[in-house]
Protein chains: 2
Amino acid sequence: MKIKQNIKIAVDAIVFGYQENQLFVLLIKQKYGDLKNQWALPGGFVKDDEPLKKAVVRELKEETGVKVTTMEQLYTFGDDLKRDPRLRVISVAYFGTVNPKELKLNAGTDAEEAKWFPLENIPKLAFDHKKIIQKAFERLKAKLNYQPIGFDLLDSKFPFSDLENLYTTILQKPIDRRNFRKKILSFDFIAETDEYRKVGSGRPGKLYVFKNKRYNDLLKQGISFEIKFA
Amino acid sequence: MKIKQNIKIAVDAIVFGYQENQLFVLLIKQKYGDLKNQWALPGGFVKDDEPLKKAVVRELKEETGVKVTTMEQLYTFGDDLKRDPRLRVISVAYFGTVNPKELKLNAGTDAEEAKWFPLENIPKLAFDHKKIIQKAFERLKAKLNYQPIGFDLLDSKFPFSDLENLYTTILQKPIDRRNFRKKILSFDFIAETDEYRKVGSGRPGKLYVFKNKRYNDLLKQGISFEIKFA
């Protein structure tokens, strides 16, 4: 069967990291062509024998050195015919979150042109990538209402205030802290440890860990978390 | 820029209709080629100068005569390399809902090979279309928790029991009717009329209408509807 169609398929990766009350997005500097030296999302063309999901993990690894195990499909961008000025490209965008450890990029290889940018300080980007990041951030925000979040974004042991700060950072407004604490604990996906860590100028805070099994069960089954704002 | 890539892009449409406590999906009979006479979702290849969203509305119209104003992107299917046995095709799937009036298809033109099937009685389908319908139904179900639903699926005037039946049909289990009524009314997106209609063997039920503006505002802003089951 011969189909006349001159459209190409790419994948793009939006990877979020979190550190000290800031969300970061991973970007790369374009190396070749008209768009040389412009910042953009990691991504590239899909190979003929490659599932979409594999393509995005491969591109991300090649261009930034960052390995992400689960990338979730965000949206397919293909309404704007000129989103790539060179030819018609439809991009299937995926997003994921990484551990704070990944926020340090390996020097050398392709990764030297990769960099983490704070979400509120993204440079001018190639293509429609700013719009794609905006959509990914909105999805992340919406997910707080129906899925537990934080497993990838926080250290494996964290004071409760870190989880709370993560939520307020994503939601961009203060929450009712008491209600938040009560609800989070009622979902039972984090557990207390016997360890403490000093946070800021206050008393040392008890450290928590995620309960992997329960966390993953809730990811599948969903939660209904009506966040109350302060 | 020359990119070597031999992958084609299609769009597929999942259109849901609702009548007498049943959800229906619109299917077409394949006319040509190896898959002739197999049922499948309406859809086809995207034109080079055509936004994805326009492509799906055009294909739907051409193949079934059904006009849908808003189609929402569901998911892009491109991990299974053999989902189309003929060549590698990535499909961007869209879903939408239609008014009960649309459940009668126009005879003639291409539409004579289109038919509504009850969701629980879908025939053998070409490609991975059964999987696509399953995913669309799950999305429809999930949407009940964060968006008002029913505007397209019900008559413009409807007894309250129709809305309730729509929810139990999609959720596939009985709900706490009192709690449901209280919550629906609290969102304030339907209004009473002065008209009544006899429903089943009971007393005539008061008819309701959707409050368009409020309904659309809630669509954008979202609701948080924790449905209680009976």
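The values are calculated or read from the model by the stated rules, or taken from the named source; none is laboratory data. Predicted model only: the values in this text are computed from it and were never measured. FYI the Cβ positions are ideal-geometry reconstructions off the backbone, even for glycines, and counts take in every protein chain you see.
In this structure, is B:LEU153 in contact with a Pro (Cβ under 9 Å, 6 or more places away or on another chain), in a loop (DSSP other than H, G, I, E, B) and within 15 Å of B:GLY17 (Cα to Cα)? It is true that B:LEU153 is in contact with a Pro (Cβ under 9 Å, 6 or more places away or on another chain), in a loop (DSSP other than H, G, I, E, B) and within 15 Å of B:GLY17 (Cα to Cα). For the range B:131-182, a residue qualifies if it is more than 22 Å from B:GLY200 (Cβ to Cβ) and among the charged types (D, E, K, R), and the qualifying residues are B:LYS131, B:LYS135, B:GLU138, B:ARG139, B:LYS141, B:LYS143, B:ASP152, B:LYS182. Checked against the criteria, B:PHE189 counts as buried (at least 20 other Cβ atoms within 10 Å of the Cβ), at negative phi and not charged (D, E, K, R). Considering only the range B:153-171, I want to know if a residue exists there that is among the charged types (D, E, K, R), over 17 Å from B:PRO100 (Cα atoms) and out of contact with any Asp or Glu (no Cβ under 7 Å at 6 or more places or on another chain). No: zero hits. Among the residues of the range A:92-101, is there at least one that is surrounded by 13 or more Cβ atoms within 10 Å (Cβ to Cβ), more than 10 Å from chain B (Cβ to nearest Cβ) and of a type in the set (A, V, I, L, M, F, W, C)? Among the residues of the range A:92-101, at least one is surrounded by 13 or more Cβ atoms within 10 Å (Cβ to Cβ), more than 10 Å from chain B (Cβ to nearest Cβ) and of a type in the set (A, V, I, L, M, F, W, C), which makes the answer yes. Does B:LYS104 meet the test of being closer than 24 Å to B:GLY150 by Cβ, among the basic types (Lys, Arg) and either out of contact with any helix residue (DSSP H, G or I) (no Cβ under 6 Å at 6 or more places or on another chain) or facing chain A (nearest Cβ under 9 Å) (or both)? Judged against the criteria, B:LYS104 is a match. When the residues of the range B:129-149 are filtered to those that are more than 14 Å from B:PHE95 (Cβ to Cβ) and within 13 Å of chain A (Cβ to nearest Cβ), the one that is nearest to the chain's Cα centre (by Cα) is B:LEU144.
Only one of the listed residues (A:PHE151, A:PHE180) is farther than 30 Å from A:PRO123 by Cβ, aromatic (Phe, Trp, Tyr) and not assigned by TED's automatic domain parsing to the domain that holds A:LEU103. That residue is A:PHE180.
The residues of the range A:190-212 that are under 25 Å from the mean Cα position of the chain (by Cα), modelled with pLDDT of 95 or more and not hydroxyl-bearing (Ser, Thr, Tyr), listed by number, are A:ILE190, A:ALA191, A:LEU207, A:VAL209, A:PHE210, A:LYS211.
Which condition number in (1) within 14 Å of chain B (Cβ to nearest Cβ); (2) on the phi < 0 side of the Ramachandran plot; (3) in a loop (DSSP other than H, G, I, E, B) is the one that A:GLY33 fails? A:GLY33 satisfies all of (1) within 14 Å of chain B (Cβ to nearest Cβ); (2) on the phi < 0 side of the Ramachandran plot; (3) in a loop (DSSP other than H, G, I, E, B) except (2). Residues in the range B:36-58 that are within 14 Å of chain A (Cβ to nearest Cβ) and among the hydrophobic types (A, V, I, L, M, F, W, C): B:PHE45, B:VAL46, B:LEU52, B:ALA55, B:VAL56, B:VAL57.
Among the residues of the range B:51-60, those identified as crowded, with 19+ Cβ neighbours inside 10 Å and closer than 19 Å to A:ILE9 by Cβ are B:LEU52, B:ALA55, B:VAL56, B:GLU59. Residue by residue through the range A:4-30, note down the ones that are within 14 Å of chain B (Cβ to nearest Cβ), among the hydrophobic types (A, V, I, L, M, F, W, C) and either within 15 Å of the chain's Cα centre (by Cα) or part of a strand (DSSP E or B) (or both). Hits for the range A:4-30 are A:ILE9, A:ALA10, A:VAL11. The lone criterion from (1) away from chain B (no Cβ under 13 Å); (2) under 21 Å from A:LYS124 (Cα atoms) left unmet by A:VAL68 is number (2). Residues in the range B:5-43 that are without any contact (Cβ under 8 Å) to a residue 60 or more places away in the chain and surrounded by fewer than 18 Cβ atoms within 10 Å (Cβ to Cβ): 7 in all.
If you go through the range A:46-72 and keep only what is part of a helix (DSSP H, G or I) and touching a residue at least 12 places away in the same chain (Cβ under 8 Å), you end up with A:LEU52, A:LYS53, A:ALA55, A:VAL56, A:VAL57, A:GLU59, A:LEU60, A:GLU62, A:GLU63, A:THR64. If the condition is being among the basic types (Lys, Arg) and in contact with a strand residue (DSSP E or B) (Cβ under 7 Å, 6 or more places away or on another chain), then the range B:184-230 contributes B:ARG197, B:LYS198, B:LYS206, B:LYS211, B:LYS228.
Only one of the numbered conditions (1) within 14 Å of chain A (Cβ to nearest Cβ); (2) over 13 Å from the mean Cα position of the chain (by Cα); (3) of a type outside the set (Lys, Arg); (4) closer than 30 Å to B:SER161 by Cβ is not met by B:MET1, and that is (4). If only residues of the range B:80-91 that are among the hydrophobic types (A, V, I, L, M, F, W, C) and within 8 Å of chain A (Cβ to nearest Cβ) are counted, the one that is surrounded by the fewest Cβ atoms within 10 Å (Cβ to Cβ) is B:LEU87. Of all residues in the range A:110-149, which are of a type outside the set (Lys, Arg) and part of a strand (DSSP E or B)? Hits for the range A:110-149 are A:ALA114, A:TRP116, A:PHE117, A:PRO118, A:LEU125.
Taking the criterion of being surrounded by fewer than 19 Cβ atoms within 10 Å (Cβ to Cβ) and in contact with a Leu (Cβ under 6 Å, 6 or more places away or on another chain), would at least one residue in the range B:152-162 satisfy it? Yes, that holds for at least one residue.
The single residue among B:ILE122, B:ILE132, B:ILE149 that is crowded, with 17+ Cβ neighbours inside 10 Å, β-branched (Val, Ile, Thr) and modelled with pLDDT of 95 or more turns out to be B:ILE132.
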